[in-house]
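Quick notes on the structure that follows.
The values are calculated or read from the model by the stated rules, or taken from the named source; none is laboratory data. Values in this document were obtained by computation on a predicted structure and should not be read as measured data. Note: ideal-geometry Cβ built from the backbone for every residue, glycine included; neighbour counts use all protein chains shown. Areas reflect the complete protein model, heavy atoms only, side chains present, ligands, DNA and RNA absent. Shrake-Rupley method; radii C 1.70, N 1.55, O 1.52, S 1.80 Å.
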Amino acid sequence: MKMMERKYKFGARLLVVLLVCFCCGTIQAQDRYVGEFGLFGGDSYYNGDANSTKIFYNNHLAFGGLLRYFINDRGVLKLDVIRGKVSGDTEPFDNVLPGGENVSFEQKYWDVGLHVEHNFLKYGFESWDREVKRHTPYVLIGPGLTMYEHWRGNIITFNLTFGVGYKFKLWKRWNLGFEWSMRKLFVDNFDVVDTPTKILNDPYKMGHNALKNNDYYTCAVAFISVDLIKRKSKCNVLRK
């Protein structure tokens, strides 16, 4: 009888060990990564004294690359670099500049941004966690630097970026997404490229500060990215 009890206990313990090992193997099979690298391209357009209302007007090509670091299941830190171009023309608009002047400009720029993204859903490939989804909308906000040519020379200035996006898993490590983000500048001379366009720097002499009468530019892009550097998986089943 005692021998049968010992065999039963041994068998039960063996079954528990096998179940734990299976669980660990299942959890480790769910690949998780440190971050991702991607490329993107799309449109860039300007809003300011030479275009105060219209979106996707006089839009031009914008392209660049991004690096994302996964803070947790929903938080992401993103570094991106953009090369873009914008333009504007006062003639098609009703608001008339002082003296009835009409001016136009083209401006090329570099943008380097460090943004925080928040995923509304747990994002990833198919997983033992039923809350993980292969798609999610997200929002982003963060600071950046804009580099462009002023009529007196090159300028580097801060910007504040905010926007929205949507992404989904093409496969285990591949992502496809779309993002719309606006850059608020803290200057009013982004559209000043030569002597005639100097009038676009506070043309109505209303003054400007960090909150008003400054220029904006917007990027609407599609991106493709690949997850990088697999995290080491840990089994927490036996932990108390």
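The figures follow:
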read-out	value
Selection count, region 96-127, where residues are among the hydrophobic types (A, V, I, L, M, F, W, C), out of contact with any helix residue (DSSP H, G or I) (no Cβ under 9 Å at 6 or more places or on another chain) and either open to solvent by less than 50 Å² (accessible area, probe 1.4 Å) or at pLDDT below 85 (or both)	2
Elements of type strands (runs of 3 or more DSSP E) contained in region 130-209, each with 1 or more residues being within 17 Å of Arg74 (Cα to Cα) and β-branched (Val, Ile, Thr)	135-150, 153-169
Test: residue in region 153-160 that is open to solvent by 80 Å² or more (accessible area, probe 1.4 Å) and of a type outside the set (Phe, Trp, Tyr)	yes
Cross-chain or 6+ apart pairs with Cβ under 9 Å, region 141-154 first and without any contact (Cβ under 8 Å) to a residue 12 or more places away in the chain, then in a strand (DSSP E or B) and open to solvent by less than 30 Å² (accessible area, probe 1.4 Å)	Asn154/Tyr148
Subset of region 62-89 (residues that are open to solvent by 60 Å² or more (accessible area, probe 1.4 Å) and of a type in the set (S, T, N, Q))	Asn72
Counted residues, region 132-191 - those being modelled with pLDDT under 95 and either acidic (Asp, Glu) or touching a Cys at 6+ places or on another chain (Cβ under 8 Å) (or both)	3
Verdict on Phe93 being out of contact with any helix residue (DSSP H, G or I) (no Cβ under 9 Å at 6 or more places or on another chain), crowded, with 17+ Cβ neighbours inside 10 Å, without any contact (Cβ under 8 Å) to a residue 60 or more places away in the chain and not polar (S, T, N, Q)	yes
Among (1) at pLDDT 90 or above; (2) exposed (fewer than 15 other Cβ atoms within 10 Å of the Cβ); (3) of a type in the set (Lys, Arg) - the single one Lys232 does not satisfy	(1)
